[in-house]
Ligand code: NHR
Ligand code: GAR
C-alpha cells in the first residue's frame, strides 16, 4: 500500500506564487494540499487553488470584532480540516498566542529576509536602504514571537547596484519557490520537528550558522 501523504493547509493573503510552487511540487512529493484559506476575499491565490480543485475558504478579518475572534474562527476552521501541517505563504495577519499554541510545532512561515534581520513588513526596501550587499529568504517555525520562531533554512541573493525593491523581491521569490517545497517535504517525511523551541532536522538542532547549508540538502 502507498504511504499516505502529509495533509497540509496553506494560508494566503495575496498572489499565491508560493502556493503555486507548493501545488506544483506536491504532484510528485510526500505532501498534499487539502485546503487553502485566505483572509482576503480578492486574493489571486484562491483562483490558483480552484484551478486545481483544492477546497478554499475565506475568513475575512475585517468582518470580525476583534483579533481574538478572527483567530478563533481561523483556528476552528483549521481544526475541522485536521491537517498535519499549516503553511503560511504570504499570509499577512499576525496570529495570536491561542492560535499558535493550538497548533504548536505544526506551523511554518516563509519570510522575505535573512532573519533575524528585518522582521515585519517592507523587507526589500529596508535591505536596500541599509546598504546591505546580501538579502534573502528564511523559513521558520511560527511561535508567538513575530518572525522570531526557530529558523529552518535560508537562501541568499545579492543586492545589486541600483536595485529596486521590486527587482530584489523578484530575485528573492525565485529562491522562495525552491526552498519552501523542500522544507515542507522535510516536515512531511518526519525529518523536521520543533522541540523545546528549536528546529530539529534528522534529530540535530538547526543553528543559525548552518541553516544556509541545510537548504542545499
Ligand atoms: N504570527 C505569529 N504568531 N508569528 C509569526 O512569526 C507570524 C505570524 C503571522 C504571520 C508572517 C509575517 C512575515 O513573514 C507571519 C508570521 C504580517 C505582519 C503584519 O504586520 C508581520 C509579519 C508577518 C505577517 N501584519 C499586520 C497585522 O496587523 C497587517 C499588515 C497587512 O495587512 O498588510 O496583522 O512577514
Ligand atoms: C513572499 O515574498 C513572501 O515571502 C512574503 O510575501 C510574498 C508573498 O508572495 N511574505 C510575507 O511578507 C509575510 N508577511 P506570494 O503570495 O506570491 O507567495
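Values as computed for the structure displayed
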{"quantity": "Burial order of peptide ranges 132-144, 2-14 (average beta-carbon count within 10 Å, highest first)", "calculated": "132-144, 2-14"}
{"quantity": "Mean Cβ neighbour count within 10 Å, used as a protection proxy, ranking 118-126, 189-197 highest first", "calculated": "118-126, 189-197"}
{"quantity": "Where labels lie 7 Å past Cα in the beta-carbon direction, separation of residue 72 and residue 28 in nm", "calculated": "4.6 nm"}
{"quantity": "Value of relative contact order over the chain, rounded to a whole percent, pairs C-alpha under 8 Å and six or more apart", "calculated": "18 percent"}
{"quantity": "Euclidean distance between Cα centres, segment 169-213 to segment 129-150, Å", "calculated": "13 Å"}
{"quantity": "Share of alpha-carbon pairs per 5 Å distance bin for segment 9-81, given as whole %", "calculated": "3, 17, 27, 22, 17, 9, 3, 1, 0"}
{"quantity": "Residue 79 paired with residue 189, simple spin-label distance in nm, labels 7 Å along Cα-to-beta-carbon", "calculated": "3.3 nm"}
{"quantity": "Cα gyration tensor category, rounded, prolate or oblate, for the chain with a/c compared to 1.5", "calculated": "rounded"}
{"quantity": "Förster-model FRET efficiency, 35 Å R0, residue 47 and residue 167, C-beta, rounded to 0.05", "calculated": "0.85"}
{"quantity": "Label-to-label distance, nm, for residues given as residue 63 and residue 126 (7 Å Cα→Cβ offset)", "calculated": "3.2 nm"}
{"quantity": "Residue exposure sequence - 27, 67 - by fewest surrounding Cβ within 10 Å", "calculated": "27, 67"}
{"quantity": "Pairwise centroid distance, computed over Cα atoms, of segment 14-88 with segment 99-121, Å", "calculated": "16 Å"}
{"quantity": "Relative pair counts by distance (%), Cα atoms of segment 120-217, 10 Å bins", "calculated": "15, 44, 31, 10, 0"}
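Read the figures in this text as sums done on the coordinates, not as results from a lab. Predicted, not measured: the structure shown is a model, and the values here were computed from it. Positions of Cβ are generated from backbone atoms using ideal geometry, with glycine treated the same way; all protein chains shown enter the neighbour counts.
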